[in-house]
Each structure stands twice: as structure tokens, then as C-alpha cells.
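Let me begin by presenting the structure, written as C-alpha cells, before commenting on it.
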């Protein structure tokens with residue numbers, strides 16, 4: 001009993017113990033903050049990566065795509081109805097994005113999607129800006145520009161379908177805070193077409209005197225990555241300078257079936273900006289635009305082409321997204337689809353063209369995790385690396401505790417002699433110091449967990465406060481990073497691990513001093529005052 | 001009626017290395033202590049009194065010779081058995097009190113009892129131990145100082161606490177190493193009165209001292225010189241001690 005009693009007594013009567021507790025606390029807090037922020041970063045990336053794709057993806061592995069995607073989609077729906085809910089093809093191309101009213105251009109990755117199916121297989125719809133407040137109004141088909149009526153009394157009315165869509169959203173939205181926020185930001189607008197657009201707001205529409213209407217030529221819609229077209233503000237929201245429906249253009253360079261450029265000049269495609277997409281991954285939001293699948297397939301020369309002999313080439317896509325039954329385990333589903341793909345290929349005609357046979361070669365059946373594997377693995381490694389670095393720094397705490405306990409043992413040599421003269425064993429004395437270190441570790445870990453958790457939970461407020469004092473102190477800028485905020489989630493399992501390691505480390509740090517204490521010879525220790 | 005030997009030492013040798021040369025402190029010291037006896041071991045400074053006391057109390061190990069407690073060789077026991085025996089049967093009082101400064105008087109006195117308990121067994125034993133310890137503090141006149149820290153006490157009070165701590169487990173044998181060596185004459189006399197009173201109540205006491213007046217309070221006195229024990233008044237005896245040395249234990 002004396003071990004526990006004295007360990008607890010030394011804890012609050014020895015100032016030096018507070019330093020030991022302080023060092024454990026700081027190390028625990030430091031490692032916890034790093035693990036939580038990096039872990040939060042990784043989890044967000046993982047969740048958002050998942051939201052970009054379907055569960056299973058057939059990937060062509062090349063820009064010129066692979067044939068028979070549609071046939072395989074039908075094959076899957078027919079042969080594996082218990083596995084596959086939906087399939088939808090995707091085309092990836094590259095082009096130059098331009099807003100004709102300005103001279104502004106950007107290189108963009110052009111993603112061809114079937115909007116209606118695409119939003120069913122992933123979370124794409126959740127990141128759309130206008131679709132949220134005007135549900136059912138975003139599409140990629142031919143459309144005109146919505147022009148709001150701008151009454152002389154200052155009232156603004158949108159075209160009827162938008163007005164009704166907004167009313168539907170209000171009726172369905174359960175979060176009153178979101179509605180209140182919407183109310184707090186009434187429609188801001190760009191004056192069009194007579195006055196140069198300067199208005200900046202959350203939802204930008206062109207407006208003019210007269211009735212609300214749709215105007216301009218019909219063009220295919222384009223959804224633009226939010227960072228590509230807009231300016232990200234410090235608060236994580238965007239300045240939108242282009243009204244919904246603004247004319248934009250893409251210049252595309254089609255590839256031949258064998259992946260060579262066709263030699264033709266780039267194809268200019270006029271489009272209408274209908275929405276912007278926010279996946280939360282900057283590299284995507286700053287680079288991708290989404291257009292209608294069939295339109296892009298045709299412009300990129302991936303549709304069936306008539307051959308000189310009167311036949312047709314096969315249509316191509318770069319990916320086939322496969323939405324699987326939620327009850328199925330991901331990798332089990334992949335295995336079945338992989339088998340189905342092998343089966344399907346074996347049933348293809350033997351006289352495939354050289355280009356088609358070549359294009360089918362590199363097609364892989366992947367889970368969304370595997371597809372994003374390199375990206376996620378890089379961040380996972382970064383998390384492990386940073387955690388190891390900080391854990392190594394925290395090893396200093398073990399050395400520090402060793403030093404502190406050595407000092408305590410040196411100062412307590414006489415007490416150790418007294419205890420031994422009263423009947424304490426060497427193991428008992430060593431145990432007392434190890435318990436003492438464990439208590440230091442426990443108290444330090446608890447305080448460190450509280451401090452670390454409090455820091456992580458308030459990390460954005462702390463950063464804002466620091467940035468108020470000096471803008472240079474803002475280390476996490478939404479204008480740079482993919483996320484608006486530093487992750488603020490502390491996982492219980494991380495806390496348990498960090499605390500356990502800290503307690504064991506504290507005990508490890510006390511081992512040598514405890515051994516020294518156990519070797520104290522009571523006769524020597526008590527000889528002199 | 002002949003008394004039973006509580007403690008016996010036979011041919012105890014002990015040497016230390018000082019610098020490069022060994023110093024033979026004990027050269028075959030032999031001694032027998034009867035139950036209920038108050039024995040004083042006298043000797044000049046550096047004669048090995050404390051070394052002998054430490055060996056008798058199993059704090060130190062002899063190079064040669066044996067020490068028996070109730071007829072059992074204490075250095076023939078296993079380490080754990082010796083520690084338990086030491087905790088239960090032998091109480092130590094030191095010249096410099098050697099109290100734990102972070103603990104109160106009560107906690108210092110409770111410490112030997114705590115050593116006999118695990119964390120869990122102490123939970124059930126604690127109440128009784130506190131009550132008995134308070135009674136013990138009452139016997140040494142410190143019941144009202146139970147919550148004080150050692151640095152809030154006088155030298156005499158500290159030595160009383162040390163005596164109470166030595167008696168915490170109701171040991172058969174109390175070993176006192178110069179118990180008055182750090183106290184003035186008046187306070188020292190009070191401490192000796194306390195030891196004498198305990199002895200009258202049946203406590204066996206072995207005390208080492210270099211002071212003949214202190215030794216005179218014992219029933220019997222032996223002289224430690226040249227590493228061996230001689231009855232006082234013997235070959236290197238002190239005349240002043242002769243009456244004490246030859247006095248019979250009368251209890």
C-alpha cells in the first residue's frame with residue numbers, strides 16, 4: 001500500500017513532479033493534435049474520394065477509352081441483378097475553358113457524364129451550388145440563360161420554374177439555419193447585358209428590366225469546378241462573378257482511336273454555365289468541368305464513326321461507373337464484376353478490330369479505394385510520417401522523465417533508506433517509483449488529452465484569432481488548401497492510444513532511476529543526517 | 001525463572017573498505033538479549049556500535065557469524081521472510097529520527113503497517129490501523145500532533161514519533177541507535193524515560209550509545225571495543241558502568 005500512498009503523496013508535494021506532468025501533457029497534446037488534424041485530413045479526403053466515384057469502376061487506363069462499355073453495362077444489369085444497381089459511363093478529356101466575355105482562359109479536364117445517372121452513383125449532386133437552392137433545375141442538356149426581372153421598385157423575380165424550385169427547396173429544407181442564411185442573402189445579381197457585371201454574391205443571376213424569362217441561344221450546359229471559375233474567399237465561400245447561364249466555351253482536341261491527334265484544328269464548343277461543383281478536393285474543383293456525355297463523346301470523336309467500308313467503329317468511354325448493392329461487401333462485389341468482365345470479354349466476337357482489342361487490354365475493375373489508392377496512400381504515409389516525427393520528438397519526454405526521476409531518487413535517497421529500514425523490499429521501492437511515473441503519465445495524459453482535444457476543437461477559432469492579430473499567422477488558408485477548415489475531430493481511439501503510449505513511456509523513463517533507487521543500501525542512506 | 005533469549009549474535013564479523021584498505025569493524029562480536037531486557041551497547045565513536053545494531057536488526061549483513069531471533073538464523077531466511085520478520089518483530093529508532101518529510105505524524109507512524117498490506121487489503125484494515133495508531137501516538141504524548149508535518153515538530157517530538165513508528169507493528173524488539181544523541185539533556189532524559197516506560201511494559205529494548213549516563217538507564221550494559229563485546233567492567237570496561245553492568249534484569 002505504501003507504494004501507492006507515497007507515489008500519490010510525492011505527486012503533489014514535489015514541484016518537480018509538475019514539470020514531469022507538464023512534459024507528458026505537452027507531448028500528449030502535441031501528438032494528439034497532429035494525429036487528429038492529419039487523421040481528419042485523411043478521413044475527409046477518403047470520404048470525398050468516395051463521393052467522386054461509384055463503388056466499382058471499370059477504368060480504361062487510357063485517354064482514348066474502351067469499347068463495349070454500354071454492352072457490358074447491360075450485361076451486368078442482366079447477369080448480376082443482385083450485385084449491380086446502376087451503371088453509367090464517363091469520358092475524360094482535356095480542353096481549354098474560356099469565358100468569351102473576357103480574355104480569361106484555363107486548361108480544364110473535361111468530364112462527360114450522364115447527369116441523371118451520375119448523381120445517383122456518387123455524391124456529385126451534394127456539391128452543386130444552384131441545384132441545392134433550386135432543386136431539379138440543373139442539367140447538361142440544351143438550355144437558355146435565365147434572366148431575372150429587375151423591377152423599378154427593386155424587386156427581383158426569377159423565371160417561374162426557378163421560383164417554384166426554390167419554393168420546393170424551402171418546403172423540404174428542415175434546417176432552419178440554412179433557410180435563415182438564405183434569407184439573409186437575397187438574390188444578388190449581375191446586370192445583364194447592358195451593364196458590366198460587378199455584383200458579387202452567393203447566387204448570381206443576370207437581370208434586366210422587364211419580365212423574368214429565358215434568353216439567348218440554346219446551348220449545352222456545363223458544370224464548372226468551383227475554384228476554376230470563382231474566387232475563393234478567406235471564409236471558404238466564393239466570389240461569383242458570372243451569372244448562371246453565362247456563355248462559356250471549351251476548345252477540345254479529339255484523339256484518334258489509337259491515341260494520336262487527328263490533325264484537325266481544336267473544336268470550339270459553346271456552352272452555358274449552369275452550376276458549379278464543389279467536391280472538396282481542390283485539385284478537382286480547380287481543374288474539372290462537367291458536360292453532357294453524348295455531346296462530349298461526339299465532339300471528342302469517341303462515338304461510333306462510319307468507316308470507309310460502310311461499317312461503324314464502336315463507341316468508347318473512359319470509365320464505366322458501377323453502383324453496387326449496398327449490402328454487398330465492396331471487394332466481394334468487385335470480384336464478381338471482375339469475373340463478369342472476363343466472361344463478357346470471352347463472349348466478344350473473335351474478329352475485333354486491332355484498335356478495340358488494344359483498348360480492351362488495359363481495362364481494370366477497381367474499387368473506388370483502389371482508384372484513389374495512390375492519392376490516399378500518399379496522405380496516409382504523410383500522416384504516419386508526421387506522427388512518427390512528433391512521437392520521436394515526444395521521446396524527449398521519456399528522457400526528461402528519466403532525468404526528473406533521477407533527481408527525485410537522488411533527493412530521496414534517505415527516504416528510500418527509511419522505507420527499507422521499515423521493511424520495504426528493493427522491488428517495492430522500484431515499484432513505488434514506477435507507480436509514481438505511471439501516475440505522472442496518467443495525470444499528464446489526462447491533462448494533455450483535454451488540452452489537445454480543446455485545441456483541436458477550437459483550432460479554427462484559434463487560427464482566426466491569431467490571424468486577426470497578424471494575417472501572417474494564418475497557416476491554413478482556404479484559398480490554398482482543399483478544405484475550408486482545419487479538421488476538428490478527435491477520435492477516441494487516438495486518445496486511448498496516445499495516452500496508453502504516454503503512460504508506458506513515462507514508466508519506461510522511470511525504469512533506470514527506479515532501478516537505482518532499488519539498489520540503495522539503507523545503512524549507507526541512513527548513516528548521516 | 002530463566003529468561004528466553006530473544007536475540008542472539010555469535011561471532012559476528014564485519015569489515016568495510018575505506019579508500020583502498022579494509023577496516024575490520026566487528027571481529028567476532030557475540031551477544032545475547034533476553035526477552036523483556038533493556039540492554040545498552042556502549043562504545044566510543046567509530047567502534048562499530050551502529051554497525052552491530054544494523055546487523056542485529058537485519059539492516060546489514062555480517063561477513064561471518066550468525067544472528068538468531070527466537071532461535072532462528074535471520075540470515076538463513078529467505079529475503080522476503082526476513083523482511084516480513086523485520087517489519088513485524090523489529091522496530092528501529094535512529095539518532096536523526098529519519099521521518100518522511102512529506103508525511104504527517106500519523107502517516108509516518110502508519111507507514112510500517114501499510115507495508116504489511118496490499119492496496120486492497122489496506123482498504124479494510126485502514127480504519128483499525130488509524131485508530132490504533134492514534135492510541136499509540138497518545139502513549140508517546142503526540143495525539144494532538146497527528147496532522148503535523150515533521151518540520152513542525154521539535155527534536156524531542158520527532159524522536160517520539162520515530163519511537164511510535166518503531167512500535168507501529170508491536171514488534172518484540174526495539175533497536176535504538178543513539179536515540180538521544182541529537183537532543184539536549186532534558187529532552188534526551190524524557191526520551192529515555194519513554195523507552196524505560198516501554199520496557200517496563202514488556203518491550204525488549206537494545207540501545208547503542210556512547211554516553212555512560214544514557215547507558216545507565218538500561219538494565220544491562222555491554223561494551224563494544226576492538227570489534228568484540230565485553231561485559232562492562234570487564235577488561236576494557238568503564239568503572240562508572242560497573243554497577244549497571246552487573247545489575248540483574250529483575251523483571
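Just so it is clear, none of the values below were taken in a lab; they were calculated from the coordinates. What you see is a predicted model; the values in this text were computed from it and never measured. All Cβ positions, glycine included, derive from the backbone under ideal geometry; neighbour counts span all protein chains shown.
Each Cα pair under 8 Å and six or more residues apart adds its sequence gap; the mean of these over the residue count of chain A is a relative contact order of 27 percent. Starting from the Kirkwood Rh over alpha-carbon pairs, what translational D in µm² s⁻¹ does chain B have by Stokes-Einstein at 25 °C and 0.890 mPa s? Reported coefficient: 131 µm²/s. Determine, from the Cβ-Cβ distance of residue A:347 and residue A:86 and an R0 of 25 Å, the FRET efficiency 1/(1 + (r/R0)^6), rounded to the nearest 0.05. The pair residue A:347/residue A:86 has a calculated efficiency of 0.65. Pairs of Cα atoms in segment A:1-59 fall into 10 Å distance bins, from 0 up to the last occupied one, in shares of 18, 22, 19, 15, 12, 9, 4 percent. The largest-to-smallest principal axis extents of the Cα set in segment B:1-89 are 47, 30, 19 Å. Among A:131, B:132, a tally of other beta-carbon atoms within 10 Å of each Cβ gives an order, fewest to most, of B:132, A:131.
In chain A, helical runs assigned H by DSSP with n ≥ 4 each contribute -39500 (n - 2.57); averaged across all residues and rounded to the nearest 500, the mean residue ellipticity at 222 nm is -15500 deg cm²/dmol.
Return the distance in nm (one decimal) between the two label points of a simple spin-label model at residue A:306 and residue A:458, each offset 7 Å from Cα along Cα→Cβ. Each label point lies 7 Å from its Cα, and together they span 7.3 nm. Judged by the ratio a/c of the largest to the smallest principal axis of the C-alpha gyration tensor, segment B:134-184 counts as oblate, that ratio being 1.5 or greater while a/b is no larger than b/c.
Counting only other chain Cβ atoms within 10 Å of each residue's Cβ, the peptide B:87-99 averages 3.
Ordering A:510-521, A:326-337 by mean Cβ neighbour count within 10 Å, with the highest value first, yields A:510-521, A:326-337. Sorted fewest first by neighbouring Cβ atoms within 10 angstrom, B:157, A:181, B:190 come out as A:181, B:190, B:157. For a test of the definition: using alpha carbon positions, the gyration tensor, and the 1.5 limit on a/c, classify segment A:395-480 as rounded, prolate or oblate. Taking the square roots of the gyration eigenvalues as a ≥ b ≥ c, segment A:395-480 is prolate. Taken along the Cα-to-beta-carbon direction at a fixed 7 Å, the label points for residue B:17 and residue A:63 span 8.3 nm.
Here chain A yields Rg over Rh of 1.15, to two decimals, using C-alpha coordinates and the Kirkwood radius.
Once a ≥ b ≥ c are taken as the square roots of the eigenvalues of the Cα gyration tensor of segment B:47-131, is the result rounded (a/c under 1.5), prolate (a/b larger than b/c) or oblate (a/b not larger than b/c)? Note, shape of segment B:47-131 comes out oblate. Counting only DSSP H runs of at least 4 residues, each contributing -39500 (n - 2.57), and dividing by the residue count of chain B, the helix-based mean residue ellipticity at 222 nm comes to -10500 deg cm²/dmol. Taking the DSSP beta bridges with both ends in chain A, the antiparallel portion is around 75 percent. Placing dummy labels 7 Å off each Cα toward the beta-carbon, the span from residue A:181 to residue A:42 is 2.9 nm.
Please report A:147, A:24 as a ranked list, fewest other C-beta atoms within 10 angstrom at the top and most at the bottom.
On the way: A:147 25, A:24 31.
So the residues, fewest neighbours to most, are A:147, A:24.
With 0.36 nm allotted per residue and the present C-alpha distance subtracted, the residue A:357-residue A:283 stretch has 23.4 nm of extension available. Cα-based radius of gyration for segment A:206-289, normalised by 2.2 N^0.38 Å, reads 1.37. Remark: the residue A:325-residue A:515 segment gains 62.3 nm on full extension, using 0.36 nm per residue and subtracting the alpha carbon distance. Name all residues of segment B:98-124 having a backbone nitrogen under 11 Å from the label point set 7 Å from the Cα of residue B:84 along its Cα→Cβ direction, giving them as ranges. Once the point is set 7 Å along Cα→Cβ of residue B:84, nothing inside segment B:98-124 turns out to lie under 11 Å by backbone N.
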